[in-house]
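Here's the structure we're looking at; comments come further down.
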Amino acid sequence: MAAKGVQSSLAASYWGYSQSASVLIVALFSPLLGAVSDHTAFKERFLMFFALRGMSAFPGPTCLMTLYFLFASKKKSRSKALFTTLYPLEKSSEVCVTCA
């Protein structure tokens with residue numbers, strides 16, 4: 001174990017410190033990475049990179065999770081194509097009075 005030979009209260013405090021540090025890092029870098037992905041054409045590449053990185057850090061059946069992710073990614077791209085055909089990008093400037 002990682003905390004072998006350390007008092008349980010000290011190990012628990014180290015665990016809390018590491019979790020707090022990871023949340024702080026996510027809170028600091030998320031707006032920056034979101035802005036970069038919004039202003040460049042790397043949204044799906046960022047998603048793929050960070051999802052695969054997160055799956056590789058999980059100590060479990062990563063091959064199965066990778067297959068699930070690739071399946072979901074393929075379905076997402078197909079649903080995106082369907083969505084763009086159903087809802088055109090340019091909407092008319094007329095206001096629908098019966099919609100409200």
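List of remarks:
- Averaged over residues, the count of other Cβ atoms within 10 Å places the peptides 18-28, 64-74 in the sequence 64-74, 18-28, highest first.
- Subtracting the Cα-Cα distance of Met65 and Ala21 from their residue separation scaled by 0.36 nm leaves 13.2 nm.
Where a number appears in this text, it was derived from the coordinates with a stated rule and is not lab data. In this text the structure is predicted, and so the values were computed from the model without any measurement. We place every Cβ from the backbone using ideal geometry, glycine too, and count neighbours over all the protein chains shown.
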